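Written below as structure tokens is the structure these notes are about.
The values are calculated or read from the model by the stated rules, or taken from the named source; none is laboratory data. These numbers come from a predicted model, not from an experiment. When we count neighbours, we look across all protein chains shown, and the Cβ atoms used for this are built from the backbone with ideal geometry, even at glycine. Protein only, heavy atoms only, side chains kept; ligands, DNA and RNA dropped before computing areas. Shrake-Rupley method; radii C 1.70, N 1.55, O 1.52, S 1.80 Å.
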Amino acid sequence: MLGRLPDVCCCDMTADPSQLLESGLSVVFLGRAPDNYWCRIPGAAELSERCGWTLEEERNFTVLPLRLGNESSNGECKRLDIVWDASVSCTSPLAHYGNSSAGNLSLTTCHDNWVYTQPHSSIVSEYNLVCGNAWMLDLSQAILNLGFLAGAFTLGYAADRYGRILIYLLSCLGVGICGIIVAFAPNFTVFLIFRFLQGVFGKGTWMTCYVIVTEIIGSDQRIIGIVIQMFFTLGIMILPGIAYLIPTWQGIQLAISLPNFLFLLYYWVVPESPRWLLTRKKGEKALKIMHDIAKHNGKYLSPHYSEITISNEEVINPSFLDLVRTPQMRRNTLILMYAWFTSALTYQGLVMRLGIVGGNLYLDFFISGAVELPAALLILVTIDRIGRRLPFGISNIVAGIACLITAFLPEDIPWLKMTVATLGRLGITMAFEIVYLVNTELYPTTLRYVKSSQESFKFSLCFSQVPVSLWFSKTWFSPEFPS
């Protein structure tokens, strides 16, 4: 629209780590399963201290006899139903029970006495989200997604009423503060409460960033929305490196939360959207911003800009009913609702599945992120030449076929399964990014944020289903699941 300053603002705002939080992808590393843990026998801590055992020695005395005598138990969710006291031998603890072998001793379910070789590596080991508590990890992700739902409604509406920049800055502040509290939460309840709030503010940063960039740069350059997604992709590619270098989940959480405080400096860098100011009957402020941008770029504003006026009838508060008020608007809204839902479900499902399929999590996550770059490039090459609908349709078909094929490929050919799944990831990424682009093109400024909020609601509602679906797949298709 006006040259270099909008482009600088765009590059600044897209480099927002809270976008990783808003997508919920960080849970792949925050909630990764601990490598080595077991259920501690009551009295084992005191006995271990008296006997001078290392953790490995305690584990051998606790788990090895259990595995030898009870082949169905690995010592993670069940333990021997015994108590070790001061009379137990340091060299042969089970000798205290006479001639009974571990196979003849009864077992009991472990509830809250687990030992981890790396106790702070993830929220799973921090809050004992294993065995019978494993569903609580999926609950934490669902709570985050519920925060996205709340943020889509509350902060989306607030941004249309009170301004894009104000809500963006408040959201960045909220993400940073809540992120710190989440990292040092004393218990799982506090963790969930501020995880929810972080979801609320995370949604605010993502939606406001996207809308203000597309409004500042002008209608003829909204392809920059695809560039925003490319910055998001770079964040995905960097995230596994951060997780690899930082051994604790608190460190990872802080790494993606603290930078949000730096974005408060945008108050002095990024102007309010002139388009939004015009819709709120603030033409003088809009003209001042456009004059500043033109001056910064060594240009002059055309005289006809000074004639910008807006009637009182045009200054209306947007409503969700406006999205279905006319037949054309209803058609667009219903199509985009379905497109957002399917794209979000498939995209998030493919990403979240990386945490449960095994293999090298860091490498697989990096590759799955890297494949999004050619997806963005394909969109940039094709979208202005052949339109939006054809690439959108083809990318959805490719993603659907690839996902169906992946489901039936044998597990003993992991490279083929990963290749086909990656092709599906490329397809659904294209579809997802096109939906974002079209969403800003089909609606006027007064409804753009309302529509983004409404679509983000479906986006977040769909994301809420993903943890449940993955938990179901892990449980139902597990060999231990009763038939």
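Going by the structure shown, is T346 out of contact with any strand residue (DSSP E or B) (no Cβ under 7 Å at 6 or more places or on another chain), at pLDDT 75 or above and surrounded by 14 or more Cβ atoms within 10 Å (Cβ to Cβ)?
yes
Could you grab me the full set of residues in segment 180-193 that are part of a helix (DSSP H, G or I), over 15 Å from L258 (Cα atoms) and not β-branched (V, I, T)?
F188, F191, L192
For residues that are closer than 30 Å to L245 by Cα, outside any helix (DSSP H, G or I) and not β-branched (V, I, T), tally how many sit in segment 356-406.
Going through segment 356-406 one residue at a time, the tally reaches 3.
Do you know which of the residues in segment 260-274 that are modelled with pLDDT under 90 and part of a helix (DSSP H, G or I) is surrounded by the fewest Cβ atoms within 10 Å (Cβ to Cβ)?
Going through the qualifying residues, I end up with W268.
Taking only pairs six or more apart or across chains, which ones have beta-carbon atoms under 7 Å, a first residue in segment 179-198 that is charged (D, E, K, R), and a second residue that is open to solvent by 10 Å² or more (accessible area, probe 1.4 Å)?
R195/I143
Residue under question is Y157, and the condition is that it be open to solvent by 30 Å² or more (accessible area, probe 1.4 Å), of a type in the set (F, W, Y) and free of Cβ contacts under 8 Å to residues at least 12 places away in the same chain; does it hold?
No.
Return only the number of the condition from (1) farther than 30 Å from I123 by Cα; (2) at pLDDT below 80; (3) not β-branched (V, I, T) that P374 does not satisfy.
Every condition holds for P374 apart from (2).
For every residue, the table says whether it meets (1) of a type in the set (A, V, I, L, M); (2) open to solvent by 100 Å² or more (accessible area, probe 1.4 Å); (3) in a loop (DSSP other than H, G, I, E, B); (4) modelled with pLDDT of 80 or more.
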| position | (1), (2), (3), (4) |
| --- | --- |
| M237 | yes, no, no, yes |
| Q250 | no, no, no, yes |
| W276 | no, no, no, yes |
| L301 | yes, no, yes, no |
| I316 | yes, no, yes, no |
| M337 | yes, no, no, no |
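Any chance segment 202-221 includes a residue that's among the β-branched types (V, I, T) and either modelled with pLDDT of 90 or more or open to solvent by 20 Å² or more (accessible area, probe 1.4 Å) (or both)?
no
Could you please tell me which pairs satisfy a Cβ distance under 9 Å, a separation of 6+ or placement on different chains, a first residue in segment 27-48 that is assigned to a helix (DSSP H, G or I), and a second residue that is open to solvent by less than 10 Å² (accessible area, probe 1.4 Å) and of a type in the set (S, T, N, Q)?
The qualifying pairs are V27/S140; V27/Q141; F29/S122; L30/S122; L30/S140; L30/Q253; A44/T62.
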